[in-house]
């Protein structure tokens, strides 16, 4: 059986659970080799105290069957990073599946890889997908042909299990789910803006206001650049 190459992008200020949730699933997929990819082999700071060590550079990365871009505050910079966007476009040309978790979808969009595709992302960033010609879809996992995206952070596990069921079969995905004891039973009903208490939604929205403004500006720059390239 040939090796299945799955690559996850690592970058400064990545939300580590966006990456490590799918990573835990993918590494249990029989026949899969998982790569953590960045420009250099050096520790990359995440959005927590955890640093991540890439396993391969852009230049040395093999052709991937699956390319996955996680999200986080650093995705705003990645949406305007020419070297990263060029790498994603090169890999996408030969990849079977082009995927993302959370605001990683905005990076795929900035690379021109979501035009006329349905996609999802973190609820706070969903409105920005349209700037890249994507069709914003408010769902936990969105599958549109070979574009597969997960919503915010914890949805990365759902995304990865869904992808495993496509790459292998449902039984394999369910076996991984059981091995990880992924059986969510959250202590509170506040995990979505649709069900969170109004005061909690207002609190989180207020805390995110500055970051959302910075993201809006980053998306505007990225979308303008993408439009000029298309012209």
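No value in this document is a laboratory result; all are computed from the given coordinates. Just so you know, these numbers come straight off a predicted model, no measurement behind them. All Cβ positions, glycine included, derive from the backbone under ideal geometry; neighbour counts span all protein chains shown.
Quote the FRET efficiency, to the nearest 0.05, computed for residue 89 versus residue 27 with a Förster distance R0 of 35 Å and r equal to the Cβ-Cβ distance. The pair residue 89/residue 27 has a calculated efficiency of 0.85. Between residue 175 and residue 190, the contour length at 0.36 nm per residue exceeds the alpha carbon distance by 2.5 nm. Length available on full extension from residue 145 to residue 166: 0.36 nm per residue minus the Cα-Cα distance, which gives 6.4 nm.
GNM on the chain, C-alpha springs below 10 Å: top fluctuator among 195, 176, 135? It is 195.
The mean sequence distance of close C-alpha pairs (under 8 Å, at least 6 residues apart), as a share of the length of segment 110-231, puts its relative contact order at 23 percent. Segment 155-231 and segment 126-149 have Cα centres spaced 11 Å apart. Every helix of 4 or more DSSP H residues in the chain counts as -39500 (n - 2.57), and over all residues that averages to -12500 deg cm²/dmol at 222 nm. Our estimate of slack between residue 182 and residue 205, defined as 0.36 nm per intervening residue step minus the Cα-Cα distance, is 5.4 nm. Structural descriptor for segment 4-230: relative contact order 18 percent, calculated from alpha carbon pairs under 8 angstrom and at least 6 residues apart.
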